[in-house]
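K.L.:
One structure is given below, represented as structure tokens, and several questions about it will come after.
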Amino acid sequence: MELPPLASYLGLENYSPQFGDFVVWAGLFSTWFGVVQAYDKKHEVLEIVFGGLPVLLVTMDPSEQPKHSRVIPLHKIRNSARGTWAVIRHEPKSIVWYV
């Protein structure tokens, strides 16, 4: 029996943001998790709510979200060094990682 692939993935250069995408940013000494809450196609910038842990992110009170939001240019994600950004999106028939 042949197993399905461990994960479906595409390169970040193919990433087109959507509301609800789960974002991971990895720095030298820390990792942040976020969710895309808005995308301005005209200016190609995303608004992402970040939290230090996924549980803190998804349980965050809506009134706290603005102070934890950052505007990130799309080119910064698409042109980043490998391993800095990753995005996961749940598609209707599969889950796709952009790495």
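K.L.:
Of the conditions (1) crowded, with 16+ Cβ neighbours inside 10 Å; (2) closer than 22 Å to residue 10 by Cβ; (3) in contact with a helix residue (DSSP H, G or I) (Cβ under 7 Å, 6 or more places away or on another chain), residue 44 fails just one. Which one is it?
P.N.:
(1)
K.L.:
What strands (runs of 3 or more DSSP E) completely inside region 26-79 contain at least 2 residues that are of a type in the set (S, T, N, Q)?
P.N.:
31-40
K.L.:
If residue 69 satisfies all but one of (1) over 11 Å from the mean Cα position of the chain (by Cα); (2) within 19 Å of residue 11 (Cα to Cα), what's the number of the condition it fails?
P.N.:
The single condition residue 69 does not satisfy is (2).
K.L.:
Further question: Six or more apart or on different chains, Cβ under 7 Å: which pairs go from a residue in region 62-86 that's within 17 Å of residue 17 (Cα to Cα) to one that's charged (D, E, K, R)? Could you list them?
P.N.:
Filtered contacts from region 62-86: 69/47; 71/47; 73/44; 74/44; 75/44; 78/13.
K.L.:
Filter region 4-25 down to residues that are of a type in the set (S, T, N, Q) and not in a loop (DSSP other than H, G, I, E, B) and give me whichever is modelled with the highest pLDDT. First the steps, then the outcome.
P.N.:
Let us first name the residues in region 4-25 that are of a type in the set (S, T, N, Q), namely 8, 14, 16, 18.
Still in the running and not in a loop (DSSP other than H, G, I, E, B): 8, 14.
On the way: 8: 84, 14: 91.
Only one residue fits best here, namely 14.
K.L.:
Further question: Considering 91, 2, 13, 64, which residue is loosely packed, with under 14 Cβ neighbours inside 10 Å, touching a helix residue (DSSP H, G or I) at 6+ places or on another chain (Cβ under 6 Å) and not polar (S, T, N, Q)?
P.N.:
Details: 91 fails: touching a helix residue (DSSP H, G or I) at 6+ places or on another chain (Cβ under 6 Å); 2 fails: touching a helix residue (DSSP H, G or I) at 6+ places or on another chain (Cβ under 6 Å); 64 fails: touching a helix residue (DSSP H, G or I) at 6+ places or on another chain (Cβ under 6 Å).
Checking each option against the conditions leaves just 13.
K.L.:
Scan region 25-32 and give yes if some residue there is closer than 21 Å to residue 95 by Cα and touching a residue at least 40 places away in the same chain (Cβ under 8 Å), otherwise no.
P.N.:
So the first thing to find is which residues in region 25-32 are closer than 21 Å to residue 95 by Cα, and the list is 25-26, 32.
Of the ones still in play, those that are also touching a residue at least 40 places away in the same chain (Cβ under 8 Å) are 25-26.
Checked against the condition, which is being closer than 21 Å to residue 95 by Cα and touching a residue at least 40 places away in the same chain (Cβ under 8 Å), region 25-32 yields at least one hit.
K.L.:
Follow-up. Does region 47-59 hold any residues that are farther than 25 Å from residue 13 by Cβ, hydrophobic (A, V, I, L, M, F, W, C) and surrounded by 16 or more Cβ atoms within 10 Å (Cβ to Cβ), and which are they? Even if it seems obvious, please write down each step before you answer.
P.N.:
Taking region 47-59 and keeping what is farther than 25 Å from residue 13 by Cβ, we get 51-59.
Now drop any that are not hydrophobic (A, V, I, L, M, F, W, C), which leaves 53, 55-58.
The one that is farther than 25 Å from residue 13 by Cβ, hydrophobic (A, V, I, L, M, F, W, C) and surrounded by 16 or more Cβ atoms within 10 Å (Cβ to Cβ): 57.
K.L.:
Would region 50-61 turn up any residue that is in contact with a His (Cβ under 6 Å, 6 or more places away or on another chain), modelled with pLDDT of 95 or more and not aliphatic (A, V, I, L, M)? Lay out the reasoning, then the answer.
P.N.:
Taking region 50-61 as the starting set, the residues that turn out to be in contact with a His (Cβ under 6 Å, 6 or more places away or on another chain) are 50.
Filter once more, keeping what is modelled with pLDDT of 95 or more: 50.
Cutting the leftovers down to not aliphatic (A, V, I, L, M) gives us 50.
Yes; the residues of region 50-61 include at least one that is in contact with a His (Cβ under 6 Å, 6 or more places away or on another chain), modelled with pLDDT of 95 or more and not aliphatic (A, V, I, L, M).
K.L.:
Return the total of residues in region 77-99 being under 14 Å from residue 26 (Cβ atoms) and either more than 12 Å from the chain's Cα centre (by Cα) or among the polar types (S, T, N, Q) (or both).
P.N.:
5
K.L.:
Turning to a different aspect of this structure: Quick one: in region 16-35, which of the residues that are among the aliphatic types (A, V, I, L, M) and within 17 Å of residue 49 (Cα to Cα) is surrounded by the most Cβ atoms within 10 Å (Cβ to Cβ)? Walk me through it before giving the result.
P.N.:
Pass one, region 16-35, residues among the aliphatic types (A, V, I, L, M): 23-24, 26, 28, 35.
If we keep only those that are within 17 Å of residue 49 (Cα to Cα) too, we end up with 23-24, 26, 35.
Details: 23: 23, 24: 17, 26: 14, 35: 20.
Selected residue: 23.
The values are calculated or read from the model by the stated rules, or taken from the named source; none is laboratory data. Please read these numbers as outputs of a predicted model, since none were measured by experiment. Don't worry about glycine lacking a Cβ; one is built from the backbone with ideal geometry, like all the others, and counts go over all protein chains shown.
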